[in-house]
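Everything below concerns the one structure shown next.
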């Protein structure tokens, strides 16, 4: 993962692997990871793009 230049002062990260790969590295299931991401997105805490995730101001 790398910080995305010019995206909200470091509040965005460019992903260099899939969420499934990151879940496996963390010892989590794909399903649990995607449920957590969906909840964060539904709550307005993150925005997901093709290979970018951004934190939202709360």
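Name the single residue, out of those in region 9-40 being touching a strand residue (DSSP E or B) at 6+ places or on another chain (Cβ under 6 Å) and free of Cβ contacts under 8 Å to residues at least 12 places away in the same chain, that is surrounded by the fewest Cβ atoms within 10 Å (Cβ to Cβ).
Initially, region 9-40 is screened for residues touching a strand residue (DSSP E or B) at 6+ places or on another chain (Cβ under 6 Å), giving 10-14, 40.
Within this subset, residues satisfying the condition of being free of Cβ contacts under 8 Å to residues at least 12 places away in the same chain are 10, 40.
Numbers: 10: 10, 40: 16.
Among those residues, the one meeting the criterion is 10.
What tally of residues in region 43-55 results from selecting those that are within 13 Å of residue 11 (Cα to Cα) and in a loop (DSSP other than H, G, I, E, B)?
The qualifying residues number 1.
For residue 58, state whether it is modelled with pLDDT under 95, out of contact with any strand residue (DSSP E or B) (no Cβ under 8 Å at 6 or more places or on another chain) and either loosely packed, with under 14 Cβ neighbours inside 10 Å or outside any loop (DSSP other than H, G, I, E, B) (or both). So that I can check it myself, show each step before the final result.
Details: modelled with pLDDT under 95: yes; out of contact with any strand residue (DSSP E or B) (no Cβ under 8 Å at 6 or more places or on another chain): yes; either loosely packed, with under 14 Cβ neighbours inside 10 Å or outside any loop (DSSP other than H, G, I, E, B) (or both): yes.
Considered against the rule, which asks whether it is modelled with pLDDT under 95, out of contact with any strand residue (DSSP E or B) (no Cβ under 8 Å at 6 or more places or on another chain) and either loosely packed, with under 14 Cβ neighbours inside 10 Å or outside any loop (DSSP other than H, G, I, E, B) (or both), residue 58 comes out as yes.
The values are calculated or read from the model by the stated rules, or taken from the named source; none is laboratory data. Quantities reported herein were computed from a predicted structural model and do not represent experimental measurements. In this analysis, Cβ positions are derived from the backbone assuming ideal geometry, glycine residues included, and neighbour counts consider all displayed protein chains.
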